[in-house]
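S.K.: Following this message is one structure expressed as structure tokens.
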Amino acid sequence: STTGRIWMDRNLGGSQVATAFNDALSYGDLYQWGRGADGHQCRNSGARNGPSSLNQPGHPDFLLIQTGSTTDDWRNPQNNLLWQGIGGVNNPCPQGFRVPTEPEFRQERLTWASNTSAGAFNSVLKLPLAGFREQTGAILLVTEGSPYGFIWSSTVSSGTTSNRAEAFAYYPDRAYENPYAR
């Protein structure tokens, strides 16, 4: 990229580089922040009530979290080290790659022609509007009225949102970084 970083050519779990903003083959997986590739990230994974006290829960189910729980996290107590660097405990990326930090993602976003989902797709990253999975387990996609892209960073939020992690969200009219429940 123009920032000098080497990025994977597709989303984790995507079978190809996006050819359009709604290219389902490029959508990829939907991770809970800090979890490894244990099957929970698959769009057709099962779900069960959480949280878990283990860094690796030992099953492939998405962990459902009640909105407004004390941490809004699948992991209790929280562990801020799960996606930190190539050697992170649960780094879901192929060998030699890692989940980017929020400042790295922001720097990339600032190179786009527009600060929108069109800018995300037309960038070197070719980001599709792949949707996201809510804490309730529901998957929201473009075709369901939610033109939304969402990508986690490895950055843990600070200050009053320290129980959250930084993510990158992009819509047809805007793109930004923001803290979200893990």
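The values are calculated or read from the model by the stated rules, or taken from the named source; none is laboratory data. Because the structure is predicted, anything quoted here is derived from the model rather than measured. A quick note on method: Cβ atoms are made from the backbone with ideal geometry, for glycine too, and the neighbour counts reach across all protein chains shown. SASA here: full protein model, heavy atoms, side chains in, ligands and nucleic acids out. Shrake-Rupley method; radii C 1.70, N 1.55, O 1.52, S 1.80 Å.
S.K.: Only residues that are over 15 Å from the mean Cα position of the chain (by Cα) and among the charged types (D, E, K, R): list them for the stretch 145-171, please.
M.R.: none
S.K.: How many residues does the stretch 25-54 contain that are of a type in the set (Gly, Ala, Ser) and either over 17 Å from the mean Cα position of the chain (by Cα) or open to solvent by 50 Å² or more (accessible area, probe 1.4 Å) (or both)?
M.R.: Residues flagged as of a type in the set (Gly, Ala, Ser) and either over 17 Å from the mean Cα position of the chain (by Cα) or open to solvent by 50 Å² or more (accessible area, probe 1.4 Å) (or both) within the stretch 25-54 amount to 6.
S.K.: Okay, moving on. Within the bounds of the stretch 43-50, is there any residue that is within 26 Å of Asn122 (Cβ to Cβ) and modelled with pLDDT of 95 or more? Walk me through how you get there before you give the answer.
M.R.: Kept after step one, since they are within 26 Å of Asn122 (Cβ to Cβ), are these residues of the stretch 43-50: 43.
Still in the list and also modelled with pLDDT of 95 or more: none.
No.
S.K.: Find the residue count for the stretch 68-88, including only residues that are open to solvent by 70 Å² or more (accessible area, probe 1.4 Å) and hydroxyl-bearing (Ser, Thr, Tyr).
M.R.: 1
S.K.: To continue, here is another question. Could you run through the stretch 15-24 and say how many residues are free of Cβ contacts under 8 Å to residues at least 40 places away in the same chain and open to solvent by less than 80 Å² (accessible area, probe 1.4 Å)?
M.R.: Going through the stretch 15-24 one residue at a time, the tally reaches 3.
S.K.: Would you be able to say whether some residue in the stretch 113-131 is of a type in the set (Lys, Arg), closer than 21 Å to Ala24 by Cα and under 14 Å from the mean Cα position of the chain (by Cα)?
M.R.: Scanning the stretch 113-131, I find no residue that is of a type in the set (Lys, Arg), closer than 21 Å to Ala24 by Cα and under 14 Å from the mean Cα position of the chain (by Cα), so the answer is no.
S.K.: Would you check if Ile65 is open to solvent by 70 Å² or more (accessible area, probe 1.4 Å) and touching a residue at least 12 places away in the same chain (Cβ under 8 Å)?
M.R.: For Ile65, the condition - open to solvent by 70 Å² or more (accessible area, probe 1.4 Å) and touching a residue at least 12 places away in the same chain (Cβ under 8 Å) - is not met.
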